[in-house]
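Read the structure below first, then the notes.
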Amino acid sequence: MCPPTYFGVVYEINPWMHVASPVDPRRAADQWEALRATYQDLGVEVVLADPAPGLPDMVFTANAGVTWDGRVVLSRFRHPQRQGEESHWRELFAHHGMPVLDTQGISFEGAGDALFVGDTLVCGYGFRTDRAAIPLVARALGVDAVELELVDPRYYHLDTCFCPLDAGTILFAPAAFSPASQARVRRLARRVIEVPNGIAAGFACNAMAIADVVVSSEAVEGLSDQLREAGYRALGLPMGEFMKSGGGVRCLSLPLPEIAGGAGSGEPAG
Ligand code: ARG
């Protein structure tokens with residue numbers, strides 16, 4: 001995680017961001033601290049990145065890169081407003097001894113658009129990540145990839161509308177995907193929980209599964225029954241300040257089993 005020291009909505013690069021409705025820094029700090037405390041209560045070791053002034057979206061660590069088996073593919077941000085983050089993330093991963101690969105200038109926004117279902121990398125494209133980046137990322141990590149087309153600008157990153165809880169259970173918001181990609185998702189896992197628009201728009205799919213607890217924004221409580229049937233408990237946290245920037249729990253978190261000794265990964269480490 002990266003503290004929200006310099007977090008704010010000072011530019012608009014997704015439909016949720018409005019510079020006219022500014023972030024309350026106090027409330028953002030409280031919401032971020034509550035998430036960190038939740039992870040710690042659940043036994044997750046939290047590794048912190050240093051925030052940098054002038055990079056308000058660095059708090060969304062999911063976009064630093066995607067990691068697998070000790071390696072990382074660094075993000076190449078679509079928008080110039082976030083490209084200044086790249087050198088910070090490169091340095092942080094190198095500091096932790098992880099070989100850092102990249103997509104040679106092709107847009108790719110890390111774990112925001114690349115999530116593991118078992119050992120298959122599921123990638124979203126259409127808004128932030130270029131489809132051409134996907135085979136490069138898969139080759140760099142030595143994994144197979146599935147490509148999903150995102151069609152609704154409110155769900156501009158895959159992690160806003162799709163969340164693997166384990167290798168056999170997925171949350172997804174069908175309206176965010178092209179018809180062919182919706183069909184693809186329904187074949188990806190044994191249990192696919194469809195999240196209606198009203199709940200998905202509250203960032204419920206932007207979740208992190210820690211053992212049997214699904215940590216997300218308050219909207220996840222609307223999925224309590226389906227989650228219980230799947231063996232999970234919903235834990236909703238207020239995320240309003242980060243939602244003003246188009247982010248929630250998952251965006252604020254990058255699972256690093258490589259660094260944190262396996263704790264805290266929402267994804268099976270393979
Ligand atoms: N304001 C940020 C952006 O538009 C939010 C990023 C949210 N991150 C995520 N993994 N969905 O880039």
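Some values worked out for this structure:
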| quantity | calculated |
| --- | --- |
| Antiparallel content of DSSP bridges confined to the chain, in %, to 5 | 50 percent |
| Å² of accessible area per residue within segment 1-94, as computed with a 1.4 Å probe and no ligands counted | 45 Å² |
| Rel. contact order, % - alpha carbon contacts under 8 angstrom, at least six apart, segment 168-220 | 33 percent |
| Three-way shape label, the chain, alpha-carbon gyration tensor, a/c 1.5 | rounded |
| ALA145/GLU33 FRET efficiency (R0 45 Å; Cβ-Cβ; nearest 0.05) | 0.80 |
| Antiparallel content of DSSP bridges confined to segment 46-182, in %, to 5 | 65 percent |
| Fluctuation leader among VAL19, VAL220, VAL59 - the chain, Gaussian network, Cα springs under 10 angstrom | VAL19 |
| Computed FRET value (nearest 0.05) for GLN104 with ALA52, which takes r as the C-beta separation and R₀ as 25 Å | 0.55 |
| Heavy atoms of LEU141: accessible area, 1.4 Å probe, square angstrom to 10 | 0 Å² |
| Carbon/sulfur fraction of accessible area - the chain, other protein chains in place, 1.4 Å, % | 50 percent |
| Alpha-carbon centroids, segment 214-231 and segment 1-66: separation in whole Å | 23 Å |
| Accessible area per residue in Å² at 1.4 Å probe, computed on segment 128-270 | 35 Å² |
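The values are calculated or read from the model by the stated rules, or taken from the named source; none is laboratory data. Predicted, not measured: the structure shown is a model, and the values here were computed from it. We place every Cβ from the backbone using ideal geometry, glycine too, and count neighbours over all the protein chains shown. The accessibility values were calculated without ligands, DNA or RNA, using every heavy atom of the protein model including side chains. Shrake-Rupley method; radii C 1.70, N 1.55, O 1.52, S 1.80 Å.
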